[in-house]
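Working notes, beginning with the structure itself.
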Amino acid sequence: MLDPLFVLSGHEYAIRQIKFSPQERGRLASVSYDFTTRFWNWNVSHALQVHKEHTEFVYGLDYNPLKRNQACDCSWDSLLYIYNEEQ
């Protein structure tokens, strides 16, 4: 069995989706049933940003291909949030 290259932990419930940043190497975002969206750099062991605005499961995420470091998530609370990922 191969060992993992990186382990990122922090979500409290199942992770619903991840997306790798199309502009920044080593960056990714994840959404979870713990109502959070997290932005990561896989070279550090913790999330760079944790967003807790939603009141229900967060199930979708995508990066904006036209604006650097911008992502949008969606939740069962019927809301979309657009975030500017910090550097």
Query raised in the report: Taking 0.36 nm per intervening residue step and subtracting the Cα-Cα distance, what contour gain separates Cys72 from Glu12 on full extension?
Result: 19.5 nm
Query raised in the report: Considering the dipole of the chain built from charges on the beta carbon (Lys and Arg +1, Asp and Glu -1) around the Cα centre, which of Ala47, Ile15, Pro4 is farthest to its positive end?
Result: Pro4
Requested in this report: Could you work out the per residue convex hull volume over the alpha carbons of the stretch 17-74, in cubic angstrom?
Outcome: 72 Å³
Report summary line: The exposure ranking of Arg68, Arg27, Arg38, fewest beta-carbon neighbours within 10 Å first, is Arg68, Arg27, Arg38
**Report entry** the chain, dipole about Cα centre (Lys/Arg Cβ +1, Asp/Glu Cβ -1), debye to the nearest 20
**Finding:** 300 debye
Report summary line: Put in order of increasing Cβ neighbours within 10 Å, starting from the fewest, Glu56, Glu86 give Glu86, Glu56
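No lab work stands behind these numbers, since they all come straight from the coordinates. Predicted, not measured: the structure shown is a model, and the values here were computed from it. FYI the Cβ positions are ideal-geometry reconstructions off the backbone, even for glycines, and counts take in every protein chain you see.
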